[in-house]
Amino acid sequence: MKKSFFALVVTVVVIGSALAWVLFNRLDFRAPEVKVTPQVSALGARTVLHLAVTDKGSGIAAVEVAVKQGDRQSVPLKVEYPVRGLRQGTGVSRQDFEVVIEPRRLGLAQGPAEVDIQVRDASWWPAFAGNTTAIRQPVQVDWRPPVVQVLTSTLNLNRGGAGFVIYKIEEDGTNSGVRVGDRFFPGFPCSLGKGLYCAYLAWPADMETPPGNLMVVARDAAGNEGRAGLFYHLREKAFRDDKLELSEQFLTNTVAKLLPAAAAGTSPVNRFLEVNRVMREANHKVIREVCSRSNPNQLWKGPFMRLRDTAPMAAFGDRRTYLYNGQDIDRQTHLGVDLASTAGAPVGAANSGQVAYADELGIYGNCIIIDHGQGIFSLYGHLSSIECTVGQRVNQNQIIGRTGSTGLAGGDHLHFSILVSGTFVNPIEWWDSHWIKDNVELKYAQAKEALAPPPPPPGPGKAPSPDTVIR
């Protein structure tokens with residue numbers, strides 16, 4: 001009797017423990033977690049949603065994504081997972097999905113709709129139905145790409161040079177610009193009117209092969225991309241080859257100052273390579289970051305000013321070969337113009353704008369960058385002093401600093417650069433009033449002509465007499 005009772009107790013305990021263990025796993029009160037990226041407010045011609053679904057309890061049982069519009073419902077994703085056992089549920093604790101929504105293929109019309117995401121787990125709660133996470137996102141179906149119309153004529157673009165284009169977009173809320181090969185140059189609202197944009201672009205001097213196409217691109221909130229090709233003529237430009245012999249004094253003094261924390265025993269040549277390669281790239285990363293934020297308005301006017309009474313020391317695009325003891329140790333492209341004057345000569349702003357950077361910058365030493373608006377920047381390097389502050393508005397020829405030999409400089413001079421949305425271009429173009437007239441001012445005139453309303457049709461005239469009719 002006692003043995004039977006004991007066996008009964010053991011059986012009840014075992015069954016109760018098993019049931020408790022099953023209930024602990026299957027009676028899950030936590031709803032699945034769902035992360036959706038990106039957060040969209042519009043569905044374009046092809047929208048891709050990424051779903052990260054997690055359920056650490058009973059496991060994911062079902063995932064459904066539906067797009068609802070009026071009485072129509074389309075389901076681009078529906079997945080169900082079978083229960084593997086009483087205790088473990090489905091065993092699917094994490095799953096990622098890529099949901100492609102193509103409204104036109106789903107038969108959706110332009111206009112409002114709703115994306116409905118339902119995720120259910122394998123819990124016995126509530127009433128064996130499972131916990132459910134529901135996300136409902138109102139969206140606007142828009143599968144028509146923006147219409148882009150170019151209003152300016154053929155671009156004449158030099159290697160290392162800049163260009164300018166004005167275009168019209170028949171849709172609000174677009175991001176637009178010009179694509180040159182793998183480079184993108186953003187557009188800015190144009191002063192000529194609503195829906196009009198302008199963009200400065202460049203053919204980078206270091207682009208190995210000429211760009212295969214130039215086009216204006218515009219992307220709306222739904223991700224639709226409209227394009228318009230540009231007519232252009234590319235002009236190759238030969239840059240100089242220059243050899244620079246590095247002296248012991250330059251390596252031990254100038255370079256050492258730029259790397260004061262270099263490891264003991266590092267050779268002068270390795271220190272120079274660290275500066276000329278690694279530091280140079282880090283400095284250019286800072287420059288690109290500064291140039292990624294530009295005033296949307298044109299702040300400059302007329303040709304840019306060149307430092308007066310100077311002799312050019314190095315030109316833009318010079319292919320420099322650095323020699324040590326007659327051996328080739330490095331090569332870099334010079335991305336500005338070096339101008340020599342008297343030591344500590346005053347440096348004026350090349351054109352009106354706003355100071356975007358005024359600090360020490362590695363190989364450029366004391367450096368100033370001025371934002372002239374709409375992606376145009378000027379850079380002043382190797383200064384002995386900085387006489388302006390970030391955010392300050394400056395006028396053309398206003399003194400902003402003085403020439404010097406800071407950074408990777410062998411003597412007192414000004415390193416001057418022009419950049420278009422972070423890409424270095426030839427400053428000579430911007431000093432030339434004829435270039436400004438032909439490549440900027442003329443483009444505005446062409447756009448105004450393209451936008452002008454057509455002339456009215458001639459009014460009714462006097463009918464010709466029979467004698468004047470030519471038969």
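The values are calculated or read from the model by the stated rules, or taken from the named source; none is laboratory data. Source: prediction; values computed, not measured. Here the Cβ positions follow ideal geometry from the backbone for every residue, glycine too, while neighbour counts run over all protein chains shown.
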**OP:** Kindly establish whether Lys237 is among the basic types (Lys, Arg), free of Cβ contacts under 8 Å to residues at least 40 places away in the same chain, over 30 Å from Gly44 (Cα atoms) and surrounded by 13 or more Cβ atoms within 10 Å (Cβ to Cβ).
**Re:** no
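Do the conditions hold for Val147, that is, is it surrounded by 21 or more Cβ atoms within 10 Å (Cβ to Cβ) and within 21 Å of Gln446 (Cβ to Cβ)? It would help to see each step written out before you state the result.
Working: surrounded by 21 or more Cβ atoms within 10 Å (Cβ to Cβ): no; within 21 Å of Gln446 (Cβ to Cβ): yes.
No, not satisfied.
In region 294-305, is there at least one residue being on the phi > 0 side of the Ramachandran plot and at pLDDT 95 or above?
Of the residues in region 294-305, the ones on the phi > 0 side of the Ramachandran plot are 302.
Remaining after also requiring at pLDDT 95 or above: 302.
Yes, region 294-305 has at least one match.
Of all the residues that make up region 316-328, how many are under 11 Å from Leu246 (Cα atoms) and in a loop (DSSP other than H, G, I, E, B)? First the steps, then the outcome.
Initial filter on region 316-328 (under 11 Å from Leu246 (Cα atoms)): 321-328.
If we keep only those that are in a loop (DSSP other than H, G, I, E, B) too, we end up with 325-326.
Residues flagged as under 11 Å from Leu246 (Cα atoms) and in a loop (DSSP other than H, G, I, E, B) within region 316-328 amount to 2.
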**OP:** Mind checking which strands (runs of 3 or more DSSP E) fall wholly inside region 49-141 and carry at least 3 residues that are over 31 Å from the mean Cα position of the chain (by Cα) and of a type in the set (A, V, I, L, M)?
**Re:** 60-69, 72-80
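Is it the case that some residue within region 16-23 is surrounded by 13 or more Cβ atoms within 10 Å (Cβ to Cβ), modelled with pLDDT under 90 and part of a helix (DSSP H, G or I)?
Restricting attention to region 16-23, the residues satisfying the condition of being surrounded by 13 or more Cβ atoms within 10 Å (Cβ to Cβ) are 22-23.
With modelled with pLDDT under 90 added as a condition, the list becomes 22-23.
Adding the requirement that they be part of a helix (DSSP H, G or I) leaves 22-23.
Yes, there is a match, as at least one residue in region 16-23 is surrounded by 13 or more Cβ atoms within 10 Å (Cβ to Cβ), modelled with pLDDT under 90 and part of a helix (DSSP H, G or I).
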